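Student: The structure follows.
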Amino acid sequence: MNKNGIKDENIVVMMYDDIAKARANPTPGQVINRPGGEDVYHGVLKDYTGRDVNAKTFLAVLSGDKDGVKGTHGSKKVISPAPEDNVFVYFADHGGPGLLGMPGGALLHAKDLTNTLLQMAAKKTFNELVFYVEACYSGTVFDGMIPKDSNIYVVTAANTNESSWGYYCPGMTPAPPAGYNTCLGDLFSISFLENCDASDLSHETLLAQYQEVKNRTSQHGTYQQGSHVMPQGPYPEVRGLLLPPGPVRDEARPRLCQRLQPRARVRLHPGPGHGVLKRGAARAAGLSSAEDAP
């Protein structure tokens, strides 16, 4: 985000923050998300960590409820866009039918999340909101809930009856570096993040990214350890560029991008195989405090 001109004050990060210092991490203090990749942990601001990463705080941050974050130990930042601003939300965790996982506290239920988004839209809180969700069964959270004529565009890693998959796992090619007994990422997430890295976001459209990510996440249409990427809301063809074309004034860029990266302590629908499914392998390796898991 910073590389694309979005300033820290326009970003809110929620992460459980239990990977970098985990005992099983072969590179203490660092986090990588692809083989040979650079450290993606150092220098990243952390607004909410640990027990503050829960459904209540997330909805408060999302809806701009400053009173709702007063009891946290975090930065107290919330989303506060102007009506002409665009908002991007990235959520990564476990999931189950009609709900999304959280590291602590209650799970995030579909009705609570979609009601919050629709209320924000009704109040004209933002110009457009784009929401990417990495979770098993994530299609159930938004299925039929986002009107086609709304200014909310959602992309989920899976449809209503399937899991999402881990990637860069032991046994895969390419495999994680020596010492990493874990998957380094999730297939949907690495597909869109690596697409962002390789693309000029001032020219790539949401439709172009959706088509690329859908193809890669489906394992090029085979769905062998792959899933169906599902759009909700307006078809991406009617959405514009990922970033305004440059050069761009700072105020013309998306005003706030939120990236949620908790690591849940519960497994909802663990999958088959050699730990490829979601984050089960990462937790088993201790990279998300599996040694503390019940």
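All of the numbers you see were taken from the coordinates with simple rules; none came from a lab. Here the structure is a predicted model, which is why all the values come from computation and not from measurement. Glycine also receives a Cβ, built like all others from the backbone with ideal geometry; neighbour counts cover every protein chain displayed.
Student: Hey, can you tell me all the residues within region 64-80 that are surrounded by 19 or more Cβ atoms within 10 Å (Cβ to Cβ) and either closer than 16 Å to Phe126 by Cα or of a type in the set (Val, Ile, Thr) (or both)?
Tutor: Of everything in region 64-80, those that are surrounded by 19 or more Cβ atoms within 10 Å (Cβ to Cβ) and either closer than 16 Å to Phe126 by Cα or of a type in the set (Val, Ile, Thr) (or both) turn out to be Val69, Thr72, Val78, Ile79.
Student: Would you be able to tell me the number of residues in region 7-45 that are of a type in the set (Val, Ile, Thr) and in contact with a strand residue (DSSP E or B) (Cβ under 6 Å, 6 or more places away or on another chain)?
Tutor: Pass one, region 7-45, residues of a type in the set (Val, Ile, Thr): 11-13, 19, 27, 31-32, 40, 44.
Narrowing further to those that are in contact with a strand residue (DSSP E or B) (Cβ under 6 Å, 6 or more places away or on another chain): 11-13.
Residues meeting the conditions: 3.
Student: Go through (1) in contact (Cβ under 8 Å) with a residue 24 or more places away in the chain; (2) assigned to a helix (DSSP H, G or I) for Asp197 and report which single condition fails.
Tutor: That leaves (1) as the condition not met.
Student: Moving to a separate point now. Of all residues in region 34-63, which are buried (at least 20 other Cβ atoms within 10 Å of the Cβ), in a loop (DSSP other than H, G, I, E, B) and in contact (Cβ under 8 Å) with a residue 40 or more places away in the chain?
Tutor: Filtering region 34-63 down to residues buried (at least 20 other Cβ atoms within 10 Å of the Cβ) leaves 47-48, 52-54, 57-58, 60-62.
So of that shortlist, the ones also in a loop (DSSP other than H, G, I, E, B) come out as 47, 53-54.
Scanning region 34-63 gives Val53, Asn54.
Student: I need every pair where a residue in region 103-120 that is under 21 Å from Asp52 (Cβ atoms) has its Cβ under 6 Å from the Cβ of a residue that is among the basic types (Lys, Arg) and part of a helix (DSSP H, G or I), sequence separation at least 6 or different chains.
Tutor: Gly104/Arg51
Student: Among the residues of region 193-216, are any surrounded by 19 or more Cβ atoms within 10 Å (Cβ to Cβ) and small (Gly, Ala, Ser)?
Tutor: Within region 193-216 (the criterion being surrounded by 19 or more Cβ atoms within 10 Å (Cβ to Cβ) and small (Gly, Ala, Ser)), the answer is no, since none of the residues qualifies.
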